[in-house]
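The values are calculated or read from the model by the stated rules, or taken from the named source; none is laboratory data. Since this is a predicted model, take the numbers as computed values, not measurements. Neighbour counts are summed over all protein chains in view; Cβ atoms, including those assigned to glycine, are modelled from backbone coordinates with ideal geometry. Remember, those area values only see protein heavy atoms, side chains included, never the ligands or the DNA or RNA. Shrake-Rupley method; radii C 1.70, N 1.55, O 1.52, S 1.80 Å.
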Amino acid sequence: MLESQPMRRNPGLFLILILIVTVLAGIFIYPKNYGLRWSPWHLGLDLVGGSHLIYKVDLAQVPAKDQDSVLNGLRDVIEKRVNLIGVSEPQVFISKTNAESNLIVELAGIKKKEDAIAQIGLTPLLDFRELNQNGSSTEIIPTNLTGRYIKSAALTFDQTTQAPQVSIAFNSEGATIFEQMTEANIGKPLAIFLDNVLIEAPIVQQKISGGQAVITGKFTIKEAQGLVERFNAGALPAPITLINQQTVSATLGTDSLNRALSAGLIGTLLVMLFMVAYYRFLGVFASSALLIYTFLTLGIFKIFSVTMTLAGLAGFILTIGMAVDANILIFERIKEEIKRGLSRSNAIEEGFRRAWPSIRDSNISTIITALILYFLTSSFVRGFALTLLIGVLVSMFSANPTPTTYNLIVMNIIAKRKIFLAVSGLLVASGILAVIGFGFNQGIDFRGGTLWQFKIEKNQPTTVELEGFVKSAVSDISEIRINLDASQNQFFARFKTTTEAEHHTLEAAAQKTYPSFEELSFQSIGPSIGQKLKSNAVTAIILAIVIVSLYIAYAFRKVSRPISSWKYGVVTMITLLHDIAIPAGLIAILGHYLKIEIDSNFIVALLVVMGFSVHDTIVVFDRIRENLIVSKNRADFAETINQSIIQTIARSINTSLTLIIVLIILYLLGPINLKYFILTLLVGVTTGVYSSIFVASPLLLVWHTLTNQTAKNK
């Protein structure tokens, strides 16, 4: 563990304390018995099933000064409506981006999603409008008296005709507005609209005080009762339109959860076996630290009620592969100190001290990436960013400094830099040409549309037959593409953005036509959401590259010779572009030939690749910095760089192997929805470790050489 000085003087006490906390954390995170009684796990709808809905809020008729209160009122109204349905712990919140406001509703574990969507959409929008007769035409003038001022509603009956009617009472603010409005319109009609439909337009006979009004539309008793219930739950203070819907069945959620847990368990065991096999008996200490890290991190997730989504679970599993990074770095550093003749205890102390700057700087770069992901992406991706952030923070304090030996074939990497840079140049050029030539096969996350995932166990139709079925069920669907994943026996249908009514029609028709039909997920995204995601994705990548590069330049500010500190930042930026160009090119090629689509997870993968790439690059740069300081810039720069690479290459390879092990297991055994996300990471991580060894540092030397040659020629 990375301890404070008092704890280092009492290592036995500290170890006992850590073991006690770990055991308690293990009991706490167990999903049954005491763990369940203390606090249940909060699982996202993509793991337990449910619906994720995004509504666009129309604030065109709401004054700017009232918009915040209207949005807050809208959130409260929808929350009441959802609670009436009986959804457990619904999440309802407002998202504001530039001039657009969206209402986001997450209903995990809901069984009758159609009822929930219907209730949210049918909550009445009531407003009063003035009518101005201008010859033969009538001008309709909106007012600020809407349903948000309703305090209560009741079912009453006309004393003469016994027709059902709805009596409403305004709150004090609404009563004042209503009084002023009736006073200003005596002898004129005042129109009452419900969901933008004119209900009635009675003539105002006199000023009405007290905040009481009666709606006498041609209602049945059942319709009037329904209106009363909705008004009492809260009328919508502003119109809303469903622009994005994602529904996951409980079956798919359970399958994704089981696959992710299995992959995580197997990946963790393989990483532990690798550490024990490579570091022999002393690897047991690193494996113990990994278990402690796992229990403590999961405990933190549960204490702070982090909602675990599929992406979040994948992020945590990835951090398991990354958690041994500090261990390996300290191991290799201690080995060097022992070779220098230090005693075991002094070597541990010195190895820890010298390794800490690299651990700190590399993890800060990943934290920067995680923060950018969290603030610029959707709620599903935020789960990944949050677990990655917490995992990295905990991993910084779960390294177990235990020395080992590592014999590596020493080679002069710098002498062969032209070969390595040429290979990189060829791969990067191929990637860029693939992206430019083929482009990306954009999924519905970016272009809008519908993705419908389902399975049919018996009498399975062909994809051509299913295309005909969808077109006949919903007449205005002209373009459709259906793929079958034979390994999972699942169909994926892609077509235009659809309404919930069209979705319901499709599902009902499929159940009638194919008795063994089961819907696994349904996602429909409007074009505006797709454009916003695309814009945020580009912004996130640019921000990550710039901020991380600036941080590297700052971290190396004390090293200005023989090359300026800002050049470390620029080289880092070039290396990051190198590391995302290659996997991006591969996905572009696969998209062109195999029709693989990219979604928001693809952007997450690129950002994670950047974070990992910086991890390795910083370690090499940090060793160059240290060697330059020790030699006081007297050593040859090329020799210093080559020595630094050789000194850190064991750490780079070992860290990459632990992460690659986890990624391979996730790719083979993990959820199908994350398959190409994992593939992008796998290619990117491999590219990242290559660039940190064979590209970044050689580029520093090339720049230094060119600068000297230019200076001599002047």
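A few notes on this one:
- A single member of Ala116, Ala201 is modelled with pLDDT under 85, over 40 Å from the mean Cα position of the chain (by Cα), at negative phi and among the small types (Gly, Ala, Ser), and it is Ala201.
- For the range 547-570, a residue qualifies if it is open to solvent by 60 Å² or more (accessible area, probe 1.4 Å), among the hydrophobic types (A, V, I, L, M, F, W, C) and free of Cβ contacts under 8 Å to residues at least 60 places away in the same chain, and the qualifying residues are Leu550, Trp566.
Conditions (1) buried (at least 18 other Cβ atoms within 10 Å of the Cβ); (2) at pLDDT below 90; (3) basic (Lys, Arg), marked per residue:
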| residue | (1), (2), (3) |
| --- | --- |
| Asn412 | no, yes, no |
| Gly443 | yes, yes, no |
| Lys455 | yes, no, yes |
| Ala473 | no, yes, no |
| Ala486 | no, yes, no |
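- Qualifying residue in the range 600-622 (condition: at pLDDT below 85, under 19 Å from Ile660 (Cβ atoms) and among the acidic types (Asp, Glu)): yes
Residue-by-condition table, conditions (1) out of contact with any Cys (no Cβ under 7 Å at 6 or more places or on another chain); (2) modelled with pLDDT of 80 or more; (3) part of a loop (DSSP other than H, G, I, E, B):
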residue	(1), (2), (3)
Ser535	yes, no, no
Ile542	yes, yes, no
Ile547	yes, yes, no
Ile563	yes, no, yes
Lys567	yes, yes, no
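- Sole residue being exposed (fewer than 14 other Cβ atoms within 10 Å of the Cβ), within 35 Å of the chain's Cα centre (by Cα) and either modelled with pLDDT of 80 or more or not in a helix (DSSP H, G or I) (or both), chosen from Leu257, Leu273: Leu273
- Scanning the range 669-714 for residues that are of a type in the set (Val, Ile, Thr) and closer than 14 Å to Leu586 by Cβ gives Ile678, Thr680, Val683, Val685, Thr686, Thr687.
- Screening Glu639 against (1) at pLDDT 85 or above; (2) open to solvent by 10 Å² or more (accessible area, probe 1.4 Å); (3) closer than 24 Å to Val271 by Cα leaves a single unmet condition, (3).
- Pairs where the first residue, in the range 355-368, is closer than 16 Å to Arg625 by Cβ and modelled with pLDDT of 80 or more and the second is of a type in the set (Asp, Glu) and open to solvent by 10 Å² or more (accessible area, probe 1.4 Å), C-beta under 9 Å, 6+ apart: none
- Residue within the range 395-404 that is modelled with pLDDT of 75 or more and buried (at least 20 other Cβ atoms within 10 Å of the Cβ) present: no
- Within the range 314-372, restricting attention to residues that are hydroxyl-bearing (Ser, Thr, Tyr) and over 30 Å from Ala605 (Cβ atoms), the residue that is farthest from the chain's Cα centre (by Cα) is Ser343.
- When we screen Arg340, Arg344 for residues that are of a type in the set (D, E, K, R), open to solvent by 60 Å² or more (accessible area, probe 1.4 Å) and modelled with pLDDT of 75 or more, the only hit is Arg340.
Rundown of residues vs (1) of a type in the set (A, V, I, L, M, F, W, C); (2) in a helix (DSSP H, G or I); (3) at pLDDT 90 or above; (4) surrounded by 15 or more Cβ atoms within 10 Å (Cβ to Cβ), yes/no style:
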residue	(1), (2), (3), (4)
Val423	yes, yes, yes, no
Gly431	no, yes, yes, yes
Val435	yes, yes, yes, yes
Glu507	no, yes, no, yes
Gln511	no, yes, yes, no
